[in-house]
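Take a look at the structure below.
The values are calculated or read from the model by the stated rules, or taken from the named source; none is laboratory data. Note that this is a predicted model, so its numbers are computed, not measured. When we count neighbours, we look across all protein chains shown, and the Cβ atoms used for this are built from the backbone with ideal geometry, even at glycine.
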Amino acid sequence: MDRARIVETEDGSHTVISPQFGEAYHSKYGAIQESRHVFLQAGLHPLLHKKEEIAILEIGFGTGLNALLTWLGTKEQPVNVHYDALEAYPIPKETVENLNYPDILDVEINIWNKLHSFSWGSAILLADNFRLVKHRVLFQKFRSARLYDLIYFDAFAPEAQPELWDIPMMRSMYNCLHFDGVLVTYCAKGYVKRNLKSVGFTVESIPGPPGKREMTRAIKMKMNE
């Protein structure tokens, strides 16, 4: 199998080309700006003023960038975060060590190393208000008694992982959320939005990050809404 390959994106931050799927983990137009736009601005930020506790499920831990940005975006906020991250194909240690996110984001290297080196299935505190658990598992096999306020759906594109964009997956994610829970993804394909609607989500097409006209936000509305 080929090794994971690091590529610089247009905002200067790195992405990785997956040897399993031949796909990049982040947009070539800017890894950091894409993650901030899709997951933080469209997903996390609207919840910060509404909740004192936020449970986040990330489907596709990948490079750890979304988790790192979420920690940075909440460590000084009056909110407690529980963050479950799923990853079936972890990036090799030597690849992680060469990613430039700590330098660009001015993050201490011990935090970056801690994010990646702690054991799968264990919990760590990146801050007093930020609890992270990484799970080395496919979403289809993940089981949790917890309901989530927010899903970061960061799977590879439908062409690479079609089974993750079909109706059974959408139904499982719907069932993982509280009412008023939100799912955000970079993908804006019509059939993906139709699949989300078919299981009960209210779907919004909103402006995408650089290089994409639209992205998708889906909300699990209360029954009487």
What are the residue pairs meeting all of these: first residue in segment 171-190, first residue under 22 Å from GLU34 (Cα atoms), second residue in a strand (DSSP E or B) and among the acidic types (Asp, Glu), Cβ atoms under 9 Å, and 6 or more apart or on different chains? GLY181/ASP149; VAL182/ASP149; ALA188/GLU214
Given (1) closer than 18 Å to VAL81 by Cα; (2) touching a Ser or Thr at 6+ places or on another chain (Cβ under 6 Å), index of the condition PHE39 fails: (2)
Pairs needed: first member in segment 1-27, on the phi > 0 side of the Ramachandran plot; second member anywhere, among the small types (Gly, Ala, Ser) and part of a loop (DSSP other than H, G, I, E, B); C-beta distance under 6 Å; at least 6 residues apart or different chains. none
Checking the conditions here, which among VAL137, VAL133 is among the β-branched types (Val, Ile, Thr), buried (at least 16 other Cβ atoms within 10 Å of the Cβ) and within 30 Å of MET221 (Cβ to Cβ)? VAL133
Scan VAL133, VAL137 and give me the residue that is in a loop (DSSP other than H, G, I, E, B) and either at pLDDT 95 or above or of a type in the set (Val, Ile, Thr) (or both). VAL137
Every listed condition ((1) surrounded by 12 or more Cβ atoms within 10 Å (Cβ to Cβ); (2) part of a loop (DSSP other than H, G, I, E, B)) holds for ALA145 save (1)
Scan segment 159-173 for residues that are touching an Asp or Glu at 6+ places or on another chain (Cβ under 9 Å) and in a loop (DSSP other than H, G, I, E, B) and jot them down. GLU159, ALA160, GLN161
Return the total of residues in segment 71-101 being in contact (Cβ under 8 Å) with a residue 60 or more places away in the chain and more than 14 Å from the chain's Cα centre (by Cα). 8
